Ligand SMILES: [Zn+2]
């Protein structure tokens, strides 16, 4: 996996249409359809676009939302947040800090100790087992 920021052309040829739509066009996969919402293996979840590790299975939890949910990112500076007022709601969008890929949103209804729920599209993530 390349560790540099990929170009739009590279992403168009490498990603599935849903992965491209979620990460580059701020799309949202349908709840309960992604490949990781019921995924419980130990490992890291990386940005599907640039390969930066974003979340650990250690902070993944069942939110019941139908999307992979984490209560903390791997490191705070790997995630960028943006105010999102689309769809008549005020939400906080989260993106990959390295390449800008749209990941999902963060909500303040998560479990202790953070109280945060990072709600992420499976299509924005690439799971890697330890050592991969
Ligand atoms: Zn990225």
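The values are calculated or read from the model by the stated rules, or taken from the named source; none is laboratory data. Predicted, not measured: the structure shown is a model, and the values here were computed from it. Neighbour counts are summed over all protein chains in view; Cβ atoms, including those assigned to glycine, are modelled from backbone coordinates with ideal geometry.
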Residues being under 13 Å from residue 22 (Cβ atoms), out of contact with any helix residue (DSSP H, G or I) (no Cβ under 6 Å at 6 or more places or on another chain) and assigned to a strand (DSSP E or B): count how many of those fall in segment 80-132. 10
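Within segment 120-132, work out how many residues are in contact (Cβ under 8 Å) with a residue 40 or more places away in the chain and surrounded by fewer than 23 Cβ atoms within 10 Å (Cβ to Cβ). Please lay out each step first, then the result.
Here is the first cut: in segment 120-132, the ones in contact (Cβ under 8 Å) with a residue 40 or more places away in the chain are 120-130, 132.
Narrowing the set further to residues that are surrounded by fewer than 23 Cβ atoms within 10 Å (Cβ to Cβ) leaves 126-130, 132.
Residues that pass the stated criteria total 6.
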Residues that are over 14 Å from the mean Cα position of the chain (by Cα) and either buried (at least 19 other Cβ atoms within 10 Å of the Cβ) or free of Cβ contacts under 8 Å to residues at least 24 places away in the same chain (or both), drawn from segment 88-111: 88, 89, 90, 91, 108, 109, 110
Kindly evaluate residue 50 against the criterion of being in contact with a helix residue (DSSP H, G or I) (Cβ under 8 Å, 6 or more places away or on another chain), surrounded by 13 or more Cβ atoms within 10 Å (Cβ to Cβ) and either modelled with pLDDT under 95 or outside any strand (DSSP E or B) (or both). no
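Tally the residues that are part of a loop (DSSP other than H, G, I, E, B), within 12 Å of residue 121 (Cα to Cα) and within 15 Å of the ligand (Cβ to nearest atom), restricting the search to segment 9-46. Step through it out loud before you land on a result.
We begin by selecting, within segment 9-46, every residue part of a loop (DSSP other than H, G, I, E, B); these are 15-16, 25-43.
Checking the rest, the ones that are also within 12 Å of residue 121 (Cα to Cα) come to 26-37.
Going one step further and asking which of them are within 15 Å of the ligand (Cβ to nearest atom), we end up with 26.
Here the count works out to 1.
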